[in-house]
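Step one of this worksheet: look at the structure below.
Only the coordinates and a few stated rules stand behind these numbers; no lab work does. Model, not experiment: these values are computed from the prediction. Quick reminder, even Gly has a Cβ in these numbers, built from the backbone with ideal geometry, and neighbours come from all protein chains shown.
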Amino acid sequence: MEAGKIDALDVSSCGLGEAELRHLVAPFLDRPQPLWSLNLSENPGRLPADFLPQMLYNLVELRELNLRGSLQAGWDTTTTLIPSEILDQLECLEELDVSGFKLNYATIRDLGDFLHHRARNDHRKYPVKLRKLALNHCGLTGSEAAKICRAMGFNSDMHLSLSGNPLEDGIEDLADVIRASQVPTGLYLEVIEFKEESNYILLIRALAETKSVSLLSLAGTAPTPSLDSIHQTCSTEIIEALNYLFTHNKSIRYLDLSGFSGKLEDGQLAKGFARALANLSENTTMTHLKIRNQNLHEDVGTLGRVLTENQTLRVLDCQDNRLNLTSMKFLVSSLKENNRIIDFPFTTAERAAIWRNILQGFHKTPAGTPCPPKGAGPAGKLNNAQDVMLRDVLNRQFDEIDEHLRRNRLALEEAAGQLLDFDMSADSLEDMEDTWLGLDPDEAEPSGLGSDDTTPTTVHRSPRRPTVRSSYIDMPLPAPYHVRHGIDGLESPTETLDPPSEISTPPELESPEEAVPEGVSFKQMMHEFRESGFNTT
């Protein structure tokens, strides 16, 4: 570092201890450095918080500063983490992340002053805007979070992450500023536990009335489950609040309502949550919806009806919901009636999980009693012929999804008047609103399952045509949905489907009103396919 100039330093997740981190930042304590970006996050070692003021005093050109999980409190816990006079010098700062450090009153006060001055939009003093502020797991109450939001002012075009904070304490203050639209465009309230259901409902109803939030993530946020959570159902009050959100809000375009399942705690809405999706068919604003890990397999009928009626959604991610073959049939049939969805992702891991769900459904009755299908091999396993036949049925469902998505994408290209690039990715928070999500052709997911649970079959792809990025098209195209969370259980980015294969699709199957129990025999399922006109021979 002493031999030459560097513009960016990223040593995140490098396994650095405290001694290594101290040695690394030592030059920043001695003299000014022309550094634009510094990322020390996710290392085992921690820097004393009292290093920060002097370090930032010499890094006045910083644009991005990520100290997530990298700080430890000093001997004086009453002093501010970053004094206001130091913050005022960071005129070019665009991104700041101090997650994992408990913020005291003095820090909240100085941070609020800094945000207030930035909100005045004085370009002579601050040539750029603050685009991202992450304060996850900082011990913030709802009242303290409300103070930070008020300091930002109205129409703040930035992303604020308050995940993992005890916001239920003072939730009334936070609900007031949300309702008054004094919150930024991007708002992340993930993995927040509500001991009182009424407080969760208060938050949802406030979000329904906000006019400023365009991107909202509530992944893992839910009321505390009861001791008998297996039999707990989603209350009527929560269903009504979520229905109100879908029908009343006119600003939220990107929504993540995924659940979280961890080793020590869960953040899921109770069974029957899918009923809250009914009013989504009336929503004309939302373009991207992510609802992973919410047990939708028990009420997939509601989601299917939304697919047939909603004409605004472009991306829907409903993975990790224990879908089975009946669920897939209904979703495929519903997707056929939708000409707007262009991304309905099923990764290789998800396809393997659906296959395991199907096998479990054949081996058990609804009551859980072992019931192997007629003609099955030892221990209730399907014989080879049945295995191949059933895999073929499932793969055809995925192929039909690919076909419907290709139809919708071609229609979108025709409307745009030129080819669009569906193979872009958005890894950062702000990129969601101006790029398309996709995979590189070499990284795209395969379209089927192979001879075992996880081995995909090979799909040969034709050369791609020249394309232009959709962000260059002057038309109201929606952005991708891609959120990376700081928790392993939630760190699963949305991925696109593969280019469709050329395999012909089966005839349309009749859509059931609700998903039937998983515990049906192989013979019954094959009879249902034949009755619907699908040839299984």
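Are any of the pairs K250/K336; K195/K250; K102/K132; K102/K211; K132/K211; K102/K147 more than 21 Å apart by Cα-Cα distance, and if so, which?
K250/K336; K195/K250; K102/K211, as the Cα separations exceed 21 Å there.
Work out, step by step, the length gained on full extension between L410 and D7: first 0.36 nm times the residue separation, then minus their alpha carbon distance; give nm to one decimal. Present the calculation step by step, with values, prior to reporting the outcome.
On the way: separation 403, 0.36 × 403 = 145.08 nm, distance 4.23 nm.
Roughly 140.8 nm would be gained on extension.
Quickly rank 279-290, 321-332 as a protection proxy: mean count of other C-beta atoms within 10 Å, highest first.
Numbers: 279-290: 19.8, 321-332: 23.9.
The densest-packed peptide leads the list: 321-332, 279-290.
If r is the Cβ-Cβ distance from S143 to N383 and R0 is 51 Å, what FRET efficiency results, to the nearest 0.05?
Details: r = 64 Å, r/R0 = 1.25.
E between S143 and N383, to the nearest 0.05, is 0.20.
Please compute the modelled spin-label separation between T233 and R120, points set 7 Å along Cα→Cβ, answer in nm with one decimal.
Placing both labels 7 Å along Cα→Cβ, they lie 5.7 nm apart.
Which of the chymotrypsin sites (Phe, Trp or Tyr not before Pro) found in the stretch 45-143 are in a DSSP loop and have at most 14 neighbouring Cβ atoms, other than their own, within 10 Å? Please list the in-between numbers first.
On the way: sites: F51, Y57, W75, F101, Y105, F114; in loops: W75, F101.
Listed in order of number, the matching sites are W75.
Quote to one decimal, in nm, the extra length available between T312 and Y105 on full extension: 0.36 nm per residue of separation minus the C-alpha distance between them. Write out the running numbers ahead of the final one.
Values: separation 207, 0.36 × 207 = 74.52 nm, distance 4.36 nm.
That pair, T312 and Y105, stretches by 70.2 nm at full extension.
May I ask you to sort D387, D30 by Cβ crowding, counting other Cβ atoms within 10 Å and putting the fewest first?
Lowest to highest Cβ neighbour count: D30, D387.
Counting other beta carbons within 10 Å of each Cβ, put Y200, Y244 in order, fewest first. Mind showing how you got there, number by number?
Values: Y200 24, Y244 18.
Ordered by Cβ neighbours within 10 Å, fewest first: Y244, Y200.
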